[in-house]
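Single-structure report; data block below.
The values are calculated or read from the model by the stated rules, or taken from the named source; none is laboratory data. Everything numeric in this text was worked out from a predicted model, so none of it was measured. Cβ atoms come from the backbone with ideal geometry, glycine included; neighbour counts cover every protein chain shown.
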Amino acid sequence: MQLSVLLPFEGRIGRPEWWGCVLAALALCVPFVVGVSSVRTGYDILHLVAPSIKTGSNLVLLAIAQWILFVGAAKRLRDRGKSVEWLTMLFVPFLGAAWLFFELGFLPSASESAGTGALPSISS
């Protein structure tokens with residue numbers, strides 16, 4: 001996955017690039033999970049790092065992971081022929097996230113499903 005996929009908000013990405021965004025976000029969340037589990041169990045895996053630095057860096061990593069997921073989802077929705085406003089489905093508990101996961105991760109792009117090679121025109 002190229003860094004240029006995550007910086008501009010315009011454009012489209014296909015399923016493979018979207019799955020790359022998901023995997024990158026998951027990789028960034030691993031230190032957060034390790035930090036939370038070490039606090040919960042009392043066994044500090046990262047005992048060489050001060051707790052305040054661990055907490056701050058974990059929050060930064062979570063913010064970056066959220067950005068990656070948000071930009072990737074917005075671009076993938078455009079590829080599906082939908083507007084970015086469909087991200088508001090995340091406010092519907094459980095079903096919204098499940099629907100977006102299925103929509104973005106498993107359904108083909110609008111051009112593939114229509115059988116044409118041209119990308120659909122999306123007006124903002």
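So the values come out like this:
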item	result
Where a residue in region 96-116 is under 10 Å from residue 14 (Cα atoms) and exposed (fewer than 15 other Cβ atoms within 10 Å of the Cβ) and its partner, wherever it lies, is at pLDDT below 95 and of a type in the set (A, V, I, L, M), with Cβ under 8 Å and at least six apart	105/22
Single match in 56, 35 (criterion: surrounded by fewer than 18 Cβ atoms within 10 Å (Cβ to Cβ), assigned to a helix (DSSP H, G or I) and at pLDDT below 90)	56
Cross-chain or 6+ apart pairs with Cβ under 7 Å, region 48-72 first and farther than 25 Å from residue 82 by Cα, then surrounded by 13 or more Cβ atoms within 10 Å (Cβ to Cβ) and modelled with pLDDT of 80 or more	61/28; 62/29
Residue 109 polar (S, T, N, Q), at pLDDT 80 or above and in contact with an Asp or Glu (Cβ under 7 Å, 6 or more places away or on another chain)	yes
Selected residue (only one of 77, 69, 62, 48 is at pLDDT below 85 and either within 30 Å of residue 107 (Cβ to Cβ) or of a type in the set (D, E, K, R) (or both))	62
Hits in region 80-94 - residues which are of a type in the set (Gly, Ala, Ser) and either surrounded by 15 or more Cβ atoms within 10 Å (Cβ to Cβ) or modelled with pLDDT under 75 (or both)	81
Residue 16, sole failed condition from (1) at pLDDT below 70; (2) under 30 Å from residue 107 (Cα atoms)	(1)
Selection status of residue 40, basic (Lys, Arg), modelled with pLDDT under 95 and surrounded by 10 or more Cβ atoms within 10 Å (Cβ to Cβ)	no
